[in-house]
1. Does region 10-94 come out rounded, prolate or oblate by the C-alpha gyration tensor, with a ≥ b ≥ c the root eigenvalues, rounded set by a/c under 1.5 and, if not, prolate when a/b is larger than b/c and oblate if not?
2. What is the spin-label model distance, in nm, from Thr445 to Asp272 if the labels are put 7 Å beyond Cα along the C-beta direction?
3. Using a 10 Å cut-off on Cβ atoms, rank the peptides 273-279, 199-205, 241-247 from the highest mean neighbour count down.
4. In nm, give the distance between the simple-model label positions of Leu174 and Lys241, each being 7 Å from the Cα along the Cα-to-Cβ direction.
5. At 0.36 nm per residue, and after removing the present C-alpha to C-alpha distance, how many nm does the segment from Leu282 to Ser480 gain when stretched out fully?
6. Using 0.36 nm per residue of separation minus the Cα-Cα distance, give me the extension gain between Lys212 and Met182 in nm, one decimal.
7. Based on alpha-carbon centroids, what's the gap between region 199-277 and region 80-130 in Å, whole number please?
8. Gap in Å between the Cα centre of region 478-496 and the Cα centre of region 434-456?
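Laboratory data are not the source of any read-out in this text; all were calculated from the coordinates shown. Model, not experiment: these values are computed from the prediction. Glycine also receives a Cβ, built like all others from the backbone with ideal geometry; neighbour counts cover every protein chain displayed.
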Amino acid sequence: FLISGHGTKGVFELLSGWRRTRENLPFKDRVADAYSDVMVSYTMTSSLYFIAFGMGASPFTNIEAVKVFCQNMCVSILLNYFYIFSFFGSCLVFAGQLEQNRYHSIFCCKIPSAEYLDRKPVWFQTMMNDGHHHTSHHETNPYQHHFIQHFLREHYNEWITNIYVKPFVVILYLIYASFSFMGCLQINDGANIINLLASESPSVSYALIQQKYFSNYSPVIGFYIYEPLEYWNGTVQEDLKTLSRGFNTVSWIEQYYQYLRVGNITAANKSDFISILQSSFLKKPEFQHFKNDIIFSKAGDENSIIASRLYLVARTSENTQREAVELLEKLRPLSLIQSIKFIVFNPTFVFMDHYGLSVTMPVLISGFGILLMLILTFFLVIHPLGNFWLILSVTSIELGVLGLMTLWNVDMDCISILCLIYTLNFAIDHCAPLLYTFVLATEHTRTQCIKNSLQEHGTAILQNVSSFLIGLVPLLFVPSNLTFTLFKCLLLAGSCTLLHCFVILPVFLTFFPPSKKHHKKKKRAKRKEREEIECIEIQENPDHVTAV
């Protein structure tokens, strides 16, 4: 799904560049013009994709699933780029040959003349018509009659740049920014384990009931002591009590100490402690289940305890996931500084270790991506304001997806992290051509520049984003919360990008720099210089006015 968004963008952009070329040119010149018009920006965005996912595939990423996914994405981006650069370009050459020789693009047969088609049924005319039989020769720019192109040029461009529409667009963006900012303030660094399960699985029912009725207790934490200890020593007993303070414990050690106190039994040395433990305590029916918690070792006639375990349960508030992560972060450092060597573990710690970095990692990777994007585009773009507007647009889209994703109850899991990284590149892919065409345009007014930019790139952007969003529809029918998370994130990425390209940027670019006055002054100066030259020639050659 992710690579399709970038791949179809290259296809639609190159196809749009091909359609903008004049059909009366040789097909080699048309392909050259299309490549020179499109492949520079597409090479830049492909490089940014490769860099962003290359950082995810680097050793700096400590989540193996993200690393493997980013490695596959890098390979896919390279294959996709060479596919567009080679095979799809060859298809355009083949299509150019068909058009030049008036062959049908599907059936590869000669297109009949207009007189012959007029004598045939309507269905035959529809199938065999190439759209040019009403003119004596191919039009120089038939792309102007494309229905999306016609809609943008004749209707949408005039509407979005209307002075009465602009205030409503500004209000819309303020609402968008407010909700995004509100969502960013509510980001959780923990995630619900239910999202990792199939929607209808019994594990979901168990997790819901556990959260509803027993959410005030942390998971049962295994406390494993993996070295021989002098359990009969009073100092060791105090250290164990200190470590388990604040927990509800299920421990053979506490039960054994209580058993000794109730029976008024003294076990002050190793032989007495282990002898009573094996021959008396563990023989009792109510304490026999503790046999699996103690590992004995026999050296000669002497027994010793080489390892043991106990269980800890912490009382927490409603935010169990967050407090469990904090509890884990407190317990693990103790295992390094205490005299007792132990480890703590629960199967849910595997997810908690991952979710502890769920907020910082996408922010760092996105930040590095924006920085690299700024460095790359600084050398590729003449006008520095193009960089500035691209950074603002990408940041706005990224924060919008992050905030709205949080308001839509999407947790920061592995899928949402990857989607946030992808949103950065998806936004660059669609905003960069539009912004750079606007910045480098030479029309007199900003309004005319943005109209030309939308007319040049709007069709490809609309086609790609629409195809991308339609391709997400099958994800709705997959019974998986994780897949639904993918659908939500990618839907927000496509929607926010489309909103910026067609609504927000066309309005805001008419308010702020770059100014187009210097282009107007240059044109006036050239026109004045040409008029002066013409006047001089006329004065010098009054009898040869036609030579001018």
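1. Prolate shape, in that a/c is at least 1.5 and a/b is the bigger ratio.
2. 10.2 nm
3. Ranked by mean Cβ neighbours within 10 Å, highest first: 273-279, 241-247, 199-205.
4. Taking the simple label geometry, Leu174 and Lys241 are separated by 6.4 nm.
5. Value of the extension gain: 66.6 nm.
6. Here the segment from Lys212 to Met182 would lengthen by 8.1 nm.
7. Using only Cα atoms, the two centres lie 79 Å from each other.
8. 33 Å
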